[in-house]
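Below: the structure, in structure tokens.
The values are calculated or read from the model by the stated rules, or taken from the named source; none is laboratory data. Since this is a predicted model, take the numbers as computed values, not measurements. Backbone-built Cβ (ideal geometry, glycine too); neighbour counts: all protein chains shown. The protein model used for the area step is the full one, side chains on, heavy atoms only, and it has no ligands, DNA or RNA in it. Shrake-Rupley method; radii C 1.70, N 1.55, O 1.52, S 1.80 Å.
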There are 2 protein chains.
Amino acid sequence: MSQRTRLTPEQRREQLLDLGIRLFANHSLDEISIDVVAREAGISRGLLYHYFGDKMAFREAVVRRAADALVAQTAPPEAGDPVERLLASMTAYVDFVDANYEGYVSMVRGAASDPVLRAIYDEAFGALGARIFEADVDFVADTAAARLIVRGWQAMSEELVLSWKADSAGLSREELLGVLAGSLPVLLELLGPGSGSGSGSAVTRRS
Amino acid sequence: MSQRTRLTPEQRREQLLDLGIRLFANHSLDEISIDVVAREAGISRGLLYHYFGDKMAFREAVVRRAADALVAQTAPPEAGDPVERLLASMTAYVDFVDANYEGYVSMVRGAASDPVLRAIYDEAFGALGARIFEADVDFVADTAAARLIVRGWQAMSEELVLSWKADSAGLSREELLGVLAGSLPVLLELLGPGSGSGSGSAVTRRS
DNA sequence: CCATCCTATTGACACCTGTTCAATAAGCAA
DNA sequence: TTGCTTATTGAACAGGTGTCAATAGGATGG
């Protein structure tokens, strides 16, 4: 590695972030030394510090990149009724986890271990949740309790998709999506009758 | 700290595990150096290695202690119908998180960051889930899909309880328990009619 | 084609943290 | 008090993090 290759800052940064996502997906954050990242990228340790200043800052940048990709790639459609939009958004979510599994896992892993990374994670999921409901107020009343339920529902969705990827348990992708999209209305109804429109139950029917 | 105090191995081990739970609850695993643990406990670094051999082994022991406490303190009642037992078990769960918040958080944090710690976490939650349903087969058919749903429901429950502790969002403890216990039957019904008994819907009523 | 400049990149260095191990001393028994 | 067991220590080593002046790739102007 005595031959140094000079890239533009953008190229180098992209390379390092992509590498970070790949590495952080399979190993825990503190298992990966700066040496490993540098060796894998074919650069010196110093260059990593030049671009990110800090090991923590590097992890933060990697997690932020994964979070941004999640938000960008799960944009819901503008049109359609609430139920359809919810289903479309969940489909995009499942597809994202399927396609960017490594990046998603590194975001989740990071979120649990550090408050700063947790904040990035929360911001991304807050955006996901808000995006679905802010335009469709009649689907669910925007109360603190409802937001709490949505939060729990998101945690369930994440666990279900990740577990389903590991072992589908006989469920097809469509059946999984039916459970994910169908669960939110019935969960919100648990808060008490009158909080949501009755149309939500339409999703609970099986194909 | 030149004055050394000699304890029995059991006392010392207890002291260090308790301290570990307190520390790991508020800081991420790699933020806590052996020096900090040793200084906080008033002992030398070497003694920690004498008792746990390894930093990783220490973290594992701390997480295992928290997991054991969870399983022990949430034992459900022997008698009662499925719905009552589920509610009792969830009550014990909420109470545990309330009383042992630090230990619970350190278990959750650890589980996400390391496969070994994750295995301990999974084992504890697998025991929790199995305990509720293995004796009440008619409450839910024991299929792979149902187990997947239970897994997701547990993730949701965890998120709800932790978020609720941070901000109750206007929900009383009883209302939270109603959502937790009431959500499992309706979620299982999403898998398709006929999987569960209709009695589950009784829980969904509001007080 | 060559000289020059900018800056991406490096390598050596200081510091901190995990880990080992022979030496030490606290408490108990005789 | 003396001796013994072993809980406990502190110094030494290895490896990783973070710093900075020195180096060299490659584009630019002549």
Counting only protein heavy atoms and a 1.4 Å probe, tell me what percentage of the protein assembly as shown's accessible area is made up of carbon and sulfur.
51
Taking the solvent-accessible surface of protein heavy atoms with a 1.4 Å probe, what is the per residue accessible area of chain B in Å²?
48
Report the charge-dipole magnitude of the protein assembly as shown in Debye, nearest 20, computed about the Cα centre from +1 at each Lys and Arg Cβ and -1 at each Asp and Glu Cβ.
1400
Where B:Glu134, A:Glu175 fall by accessible area, highest first, once all protein chains stay in place (1.4 Å)
B:Glu134, A:Glu175
Could you tell me which residue out of B:Thr5, B:Ala112, B:Ser89 lies farthest along the dipole of the protein assembly as shown toward its positive end? Charges go on the beta carbon: Lys and Arg +1, Asp and Glu -1, centred on the Cα centre.
B:Thr5
Can you list the distances in nanometres, one decimal and ascending, from the B:Gly42 label point to the identical position in each other copy, with the point 7 Å along Cα to Cβ?
5.7
How much net charge surrounds B:Arg147 when only other residues with a Cβ under 13 Å from its Cβ are counted (Lys, Arg +1; Asp, Glu -1)?
-4
Report, as an integer, the average count of C-beta atoms from other chains found within 10 Å of each Cβ along A:179-192.
5
Starting from the Cα of B:Lys55, draw a straight line to each of the aspartates and glutamates and keep only those under 17 Å, dropping any in the same chain fewer than 8 residues away.
A:Asp30, A:Glu31, B:Glu14, B:Asp18, B:Asp30, B:Glu31, B:Asp35, B:Glu40, B:Asp114
Per-residue ellipticity at 222 nm for chain B, helices alone: DSSP H runs ≥ 4 residues times -39500 (n - 2.57), over residue total, nearest 500 deg cm²/dmol?
-23000 deg cm²/dmol
For B:Glu174, solvent-accessible area (1.4 Å; no DNA, RNA or ligand), Å²:
120
Against the 2.2 N^0.38 Å rule of thumb, the C-alpha Rg of the protein assembly as shown sits at a ratio of 1.07
Please report, in debye to the nearest 20, how large the charge dipole of the stretch B:63-204 is about its Cα centre when each Lys and Arg carries +1 at its beta carbon and each Asp and Glu carries -1 there.
360
Heavy atoms of B:Asp18 accessible to a 1.4 Å probe, total area in Å² rounded to 10:
70
Pseudo-label separations to other copies for A:Tyr101 - Cα-to-Cβ vector, 7 Å, nm:
3.7
Got a number for the accessible area of A:Trp164? Probe 1.4 Å, square angstrom, nearest 10.
40
Counting only C-alpha contacts under 8 Å and six or more residues apart, can you give the relative contact order of the stretch A:1-78 as a whole percent?
33
Coil-residue trypsin sites (Lys or Arg not before Pro) of the stretch B:1-110, DSSP, other Cβ within 10 Å capped at 10
B:Arg4, B:Arg6
Can you give the average number of partner chain beta-carbon atoms within 10 Å of each beta-carbon in peptide B:155-166, as a whole number?
5
Heavy atoms only, probe 1.4 angstrom, no DNA, RNA or ligands counted: give me B:Val161, B:Val186 ranked by accessible area, highest first.
B:Val186, B:Val161
If you take the Cα atoms of chain B, find Rg, then find the Kirkwood Rh from the mean of 1/r over all pairs, what is Rg/Rh?
1.06
How big a patch of accessible area, both sides summed and in Å² to the nearest 100, lies buried between A and B at a 1.4 Å probe?
3100
From the label point of B:Asp167, set 7 Å from Cα along Cα→Cβ, how far away are the matching label points in the other copies, in nm, ordered shortest to longest?
3.7
Determine the sum of side-chain charges near A:Leu47: Lys and Arg each +1, Asp and Glu each -1, restricted to other residues whose C-beta is under 10 angstrom from that of A:Leu47.
+3
